[in-house]
Amino acid sequence: LLRKASSHGIGDHFGVDRAAIVNISSFAASVEMNEDGSGVLGFLAYKISKSGLNQLGKTMAIDLAKDKILVAQFCPGWVQTDMGNMGGRIAELTVSHCSEFRILS
């Protein structure tokens, strides 16, 4: 379906108006930024799954580039959620605040 959508695009550009996959990742997936090991109980699986998502996104971006399909990932930062507030720390960003941003235009 993505290839079909992309084939209707005009020009040689990448964009969400053509065909796109956008993944929401996390800084927890960063190997470089991992200074606390697995952290709180259950966080290891989250870190591993987000790292896998990053690898999938990068691989798909390479594989789908010839079809002009945009594959992008972003990390919104630390947001107040049930999971994000574990350990008694409260994030400054709320879900409603983040939803005000236009991620895609």
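Can you name the condition, by its number, that residue 39 falls short on among (1) part of a loop (DSSP other than H, G, I, E, B); (2) at pLDDT 85 or above; (3) small (Gly, Ala, Ser)?
(2)
Give me the pairs, please: first residue somewhere in the range 52-68 and without any contact (Cβ under 8 Å) to a residue 12 or more places away in the chain, second residue anywhere and hydrophobic (A, V, I, L, M, F, W, C) and outside any helix (DSSP H, G or I), beta-carbon distance under 7 Å, and either six or more positions apart or on two chains.
Final answer for the pair search is 61/71.
When you scan the range 55-75, how many residues do you find that are in contact with a Ser or Thr (Cβ under 8 Å, 6 or more places away or on another chain) and either under 13 Å from residue 29 (Cα atoms) or of a type outside the set (A, V, I, L, M) (or both)?
6
Among the residues of the range 24-71, which ones are exposed (fewer than 15 other Cβ atoms within 10 Å of the Cβ), closer than 21 Å to residue 95 by Cβ and out of contact with any Phe, Trp or Tyr (no Cβ under 7 Å at 6 or more places or on another chain)?
Matches in the range 24-71: 27, 40, 42, 49.
Find the residue count for the range 31-77, including only residues that are among the aromatic types (Phe, Trp, Tyr), under 16 Å from the mean Cα position of the chain (by Cα) and farther than 22 Å from residue 17 by Cβ.
1
What is the number of the single condition among (1) at pLDDT 80 or above; (2) part of a helix (DSSP H, G or I) that residue 5 does not meet?
Unmet condition: (1).
Tell me yes or no: at least one residue of the range 8-20 is surrounded by 12 or more Cβ atoms within 10 Å (Cβ to Cβ), in contact with a helix residue (DSSP H, G or I) (Cβ under 7 Å, 6 or more places away or on another chain), among the basic types (Lys, Arg) and closer than 20 Å to residue 80 by Cα.
No, that holds for no residue.
The values are calculated or read from the model by the stated rules, or taken from the named source; none is laboratory data. Treat the numbers as computed from the prediction; the structure is a model and nothing was measured. In this analysis, Cβ positions are derived from the backbone assuming ideal geometry, glycine residues included, and neighbour counts consider all displayed protein chains.
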